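J.: The structure's right below; bear with me while I get my questions together.
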Amino acid sequence: MTFLNRYPKAAKVAKANFIVAFIALAIGGFFGFVQALHRTDVFRGFFNSGEYYTLLTGHGVLLALIFTTFFITGLFVWGITRSLDREPENMTFTWSWFWLMVIGLTMTTVTILGGLVPDSSIRAAVLYTFYPPLQAHPAFYIGLALVIVGSWMAGADWFWSYNKWRQNHPYDRIPILAFMALFTMLMWYVCTIGVSIEVVGLLIPWSLGWVTEIEPLLPRTLFWYFGHAVVYFWLLPAYYVWYAILPKLSGGRLFSDAMTRIVFIMFLILSTPVGYHHQYADPGISVGFKFYAMATTLLLLLPSLMTLFTVVASMEHGARQRGGKGYLKWIGKLPWDRPAFVGCALAGVMFAAGGFSGMINASMNINVLIHNTIWVPGHFHLTVGTAVALTFMAISYWLIPQLTGRKLKFKTLALIQPYAWFLGMTLMSNAMHRAGLAGVPRRTAEPQYSGFDFEPIFGTMAEMQWQIAIGGTILTISLVLFLWVITASWLAGEKSEQPVDDYIPEPLSGVEHTPKILDNIKLWLSLAIILVLLAYSFPIWEMVQDGIFSPGALPRPS
Amino acid sequence: MQADNPDKEESDRKSRKKLVRILIIVGIGIPVLIELMTLFNLINVQIFENDEEPNRQSWTADTEVQKFVEGDTLFADQSRPLVIDMIKARVSAQEWRFALQLTNPDTSQLNPEVRIDSLELQSGKILDIQKKYDWNADGKVSSFMDEWKLPSGDIPVILYISSEQPVSGDSIQFVQQEVRLGNIPVRYSRD
């Protein structure tokens, strides 16, 4: 019996979320392909350069906000249901958050796509960060607000299940799959406070014309309060897969339950109070606060390095169970012929590279070297674009059969897909980093200028442009393979009571070795809130003192 | 039949192993090679290159040729010069347009008849215009302006313009000037 048979209601909700996620992935991915060809001047026939910014907004919003959020809610419905062994408490409530999110995403997407309709007054070419002075149609902001409210309801749904489970298991430890999901949502609640205040309190009134002037610094600050933590909202579900499922796919067991919990707690505490590292170049924020943000950002390396250890140790355990020996030769014994494993493993490798370029971004003075250059998209295509997206695609090969009761079709294509993604992303991201070092700007439709030539450290600009275009094309092919395999499997895969081996073994160092204090939700949540208050109250107070609510006031000190 | 199955399974297993080997070489080997080459080149440049900029593009003779911008004078060596009052690329979501405004600096003289012959664009394309402007017919105007649609993202680098100039005696003839353009401001409009 698979998940579909045991929990049919939850399976239906999870599938609905995945359908939305994959549609967003398809549209957003196509936009990315067009962008890669357009900005490199390889082909500019799809859209004109003004429309590029609509595509860029669509690419960012559909992939980084919609695909991720809906995949995560689908994944967590699966995880919470399975680990607590109970269907959702109230299906009306469950379906309401789903449909609320769908209504929100539809509003947002329509406003973005309105930019491609000639003479349309409905536009939202505000990029995925959507802060002023760029202004979108009000429906864009309202739609985003609905998506966030829906996600809050989803989290509430899972806490409801947890509370009901707790009533029946008063002394049990929180099951690890539920623990990771709940702590991810706690982090989400903390970090979405900023963007909600920004959208509801500032941007919606401004877009409706109730407020005629807006000072960008406060909306930017509130956005970035959310904007760094959101990357962990994406990353923690990838870690969820790497901790909970990848060891099993490797043929082994999770190395340590305690390490897993500690990592998620660290992300809850540290994800939000670091937002100023996205504002190193912003005036109006004292350098001391930026320095504090830099220090806390570098602390965030710690849980990722711990994850590197734990996940690799778990994989090594699996490889040795399969007969692997030696210091490194065991790597050859891992299941490199299984698409779900390959995608997760390569995603993890690429994440390490993204972490290194992230250290450059986080370091306040070196950041200036690459600020607003294409290095930055080069970095985040390694992290969210591969660590998260490729993990999500790879684990779909293991999850979707459980939700549909059908085996995977076109397994050879499924196997080629993650390798193609890894190749394409290396080509594209490598060139983006190099071009960024030469000063090529990001968020620019045509970064070619008359009377000026960029000076790459080595190689030529033409070579880098072609590398980006070819890499982007290979990524698109990989995406098409993924969508083909999933659609074919979903609709026509061979029906089976057990389409995949969905058994997840207990960790090597189990919950019996895990200190109970790690399950103290209130303690860790309180600590997270205290750190956020410390990080943000003083800078925002400084902004207020400097006259952010007094338009036309003299700059201070005057 | 039964005897075939183990053979078929063995054959499938071998092809799968071969496929995995190819995928690892192409899908992982090439990326590793690219990153190693990048690292090598970065180290090479930082440690072993001399102090000269290693990749500075050599400037061509173009920089010795005058490039015309707003305020410059066309036909300066002729008796009826023209001043570039405004030159820009107007950009909107729908299209790109090249706008040019020329002024007769000496209003005591008749405005010369002007013909915009063509524009050479950055991509190498030639935009053939062949449009005459008899601005004396508009009464006492000292400047005229026009706009031409451009291919998206392509801006002019050379303007071929002719204007009526007096030659010996009472005769006049069209004199053409090849005007190499400097940096043209690009202005975005929501319209």
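The values are calculated or read from the model by the stated rules, or taken from the named source; none is laboratory data. Keep in mind that this is a model prediction, so the values were computed, not measured. All Cβ positions, even for glycine, are placed from backbone atoms using ideal geometry, and neighbour counts span all protein chains on display. Surface accessibility is based on the protein's heavy atoms, side chains included, excluding ligands, DNA and RNA. Shrake-Rupley method; radii C 1.70, N 1.55, O 1.52, S 1.80 Å.
J.: What list of ³J(HN,Hα) values in whole Hz, one per residue of the stretch B:95-100 in order, does the Karplus curve 6.51 cos²θ - 1.76 cosθ + 1.60 (θ = phi - 60°) give from phi, with Gly and Pro shown as x?
T.: Calculated HN-Hα couplings, in order: 7, 10, 9, 9, 10, 9 Hz.
J.: Another question, if that's okay. Can you give me the orientation-averaged projected area of the convex hull built on the Cα atoms of the stretch A:31-76, in nm²?
T.: 3.2 nm²
J.: Does anyone have the angle between helix B:30-43 and the longest principal axis of chain B? Alpha-carbon axes, 0 to 90°, nearest 10?
T.: Taking Cα atoms only, the helix is inclined about 60 degrees.
J.: Taking amide H atoms as placed 1.01 Å from N in the peptide plane, list the residues 5 or more away in sequence, or in a different chain, whose amide H sits under 5 Å from that of A:R123.
T.: Answer set, sorted by chain and number: A:H137.
J.: Quick one: what are the phi-derived ³J(HN,Hα) couplings along the stretch A:540-551, Karplus 6.51/-1.76/1.60 with θ = phi - 60°, whole Hz, x for glycine and proline?
T.: 5, 4, 4, 4, 5, 4, 7, x, 5, 9, 10, x
J.: Considering the alpha-carbon set of the stretch A:92-246 alone, what are its Rg and its Dmax in angstrom?
T.: 18.1, 63
J.: Then there is this: Please figure out what share of the DSSP beta bridges in the protein assembly as shown is antiparallel and state it in percent, rounded to the nearest 5.
T.: 90 percent
J.: With a 1.4 Å probe and all protein chains left in place, how much of the accessible area of chain A comes from carbon and sulfur atoms, in whole percent?
T.: The computed percentage sits at 68.
J.: Show the residues, 5+ positions off or on another chain, whose built amide H is closer than 5 Å to the amide H of B:I155.
T.: Hits under the 5 Å cutoff: B:Q122, B:S123.
J.: Sticking with this one: Quick one: 3J(HN,Hα) in Hz for the stretch A:498-513, Karplus 6.51/-1.76/1.60 with θ = phi - 60°, rounded, Gly and Pro as x.
T.: In residue order, the calculated couplings are 9, x, 9, 7, 9, 6, 10, x, 6, x, 4, 9, x, 5, 5, 9 Hz.
J.: How long are the three semi-axes of the equivalent ellipsoid of the protein assembly as shown, in whole Å, if each is the root of 5 times an eigenvalue of the C-alpha gyration tensor, listed from largest down?
T.: Equivalent ellipsoid of the protein assembly as shown: 55, 31, 25 Å, largest first.
J.: Tell me the net charge near A:H379. Cut-off is 15 Å between Cβ atoms, A:H379 excluded, with +1 for each Lys or Arg and -1 for each Asp or Glu.
T.: Local charge sum for A:H379: +2.
J.: In square nanometres, what is the average projected area of the Cα convex hull of the stretch A:1-147?
T.: 10.3 nm²
J.: In addition: Mind checking which lysines have their C-alpha under 30 Å from A:K329, skipping anything on the same chain fewer than 8 residues away?
T.: Cross-link targets: A:K248, A:K411, B:K8, B:K14, B:K17, B:K18.
J.: Over the Cα atoms of the stretch A:226-352, each weighted equally, I'd like the Debye log10 I(q)/I(0) at q = 0.13, 0.20, 0.22 Å⁻¹, rounded to two decimals.
T.: Debye output, listed in q order: -0.60, -1.05, -1.20.
J.: Compute for chains B and A the buried accessible surface, both sides summed, probe 1.4 Å, and express it in Å² to the nearest 100.
T.: Using a 1.4 Å probe on protein heavy atoms, the buried area is about 2700 Å².
J.: Also: Between A:L369 and A:I197, what FRET efficiency comes out of the Förster formula 1/(1 + (r/R0)^6) with R0 = 35 Å and r the beta carbon distance, rounded to 0.05?
T.: According to the calculation, E is roughly 0.60.
J.: Right, here's the next one. Give me the 1.4 Å probe accessible area per residue for the stretch A:65-177, excluding ligands and nucleic acids, in Å².
T.: Value for the stretch A:65-177: 37 Å² per residue.
J.: Please report, for the Cα atoms of the stretch B:73-154, the Rg to one decimal and the Dmax as a whole number; what are they, in angstrom?
T.: 14.1, 42
J.: Restricting to DSSP loop positions (anything but H, G, I, E, B) with no more than 10 other Cβ atoms inside 10 Å of their own Cβ, which chymotrypsin sites (Phe, Trp or Tyr not before Pro) remain in the stretch A:259-342?
T.: Passing sites in the stretch A:259-342 are A:Y327.
J.: Separate question: Determine the equivalent ellipsoid of chain B by diagonalising the alpha-carbon gyration tensor, then write out the semi-axes as square roots of 5 times the eigenvalues, largest first, rounded to whole Å.
T.: 62, 24, 15
J.: Using alpha-carbon pairs under 8 Å, 6+ residues apart, how would you state the relative contact order of chain A in percent?
T.: Dividing the mean separation by the residue count of chain A yields 18 percent.
J.: A:K164: which aspartates and glutamates have alpha carbons under 20 Å from its alpha carbon, excluding same-chain residues fewer than 8 sequence positions away?
T.: Counting by Cα, and skipping residues close in sequence, A:K164 has these aspartates and glutamates nearby: A:D85, A:E87, A:E89, A:D172, A:D519.
J.: Let me ask something else about it. Please compute, for peptide A:420-429, the average count of beta-carbon atoms on other protein chains lying within 10 Å of each residue's beta-carbon.
T.: Other-chain Cβ atoms within 10 Å of each residue's Cβ, averaged: 3.
J.: Hey, what's the Kirkwood Rh for the stretch A:456-503 if you take every pair of different alpha carbons, in angstrom?
T.: 14.0 Å
J.: Further, regarding this structure: Determine by what factor the alpha-carbon radius of gyration of the stretch A:159-288 differs from 2.2 N^0.38 Å, reporting the quotient.
T.: Expressed relative to 2.2 N^0.38 Å, the Cα Rg reads 1.36.
J.: Two decimals is fine: what is log10 I(q)/I(0) at q = 0.19 Å⁻¹ for the stretch A:283-412, from a Debye sum with one equal scatterer on every Cα and no solvent?
T.: At q = 0.19 Å⁻¹ the computed log10 ratios are -1.12.
J.: A follow-up question, please. Suppose R0 equals 22 Å; then what is the FRET efficiency for A:S550 and A:W210 from their Cβ-Cβ distance, rounded to the nearest 0.05?
T.: 0.75
J.: Please compute the net charge surrounding A:K409, taking Lys and Arg as +1 and Asp and Glu as -1 over other residues with Cβ under 15 Å from its Cβ.
T.: My count for the surroundings of A:K409 gives +3.
J.: 5 Å is the cut-off here: which amide hydrogens, built 1.01 Å from N in the peptide plane, fall below it relative to B:L74, excluding neighbours closer than 5 in sequence?
T.: B:L82, B:V83, B:I84
J.: I'd like the FRET efficiency for B:I43 and A:I530, computed as 1/(1 + (r/R0)^6) with the beta carbon distance as r and R0 of 45 Å, rounded to 0.05.
T.: Here the calculated transfer efficiency is 0.50.
J.: What is the projected area of the convex hull of the Cα atoms of the stretch A:67-142, averaged over all directions, in nm²?
T.: 6.2 nm²
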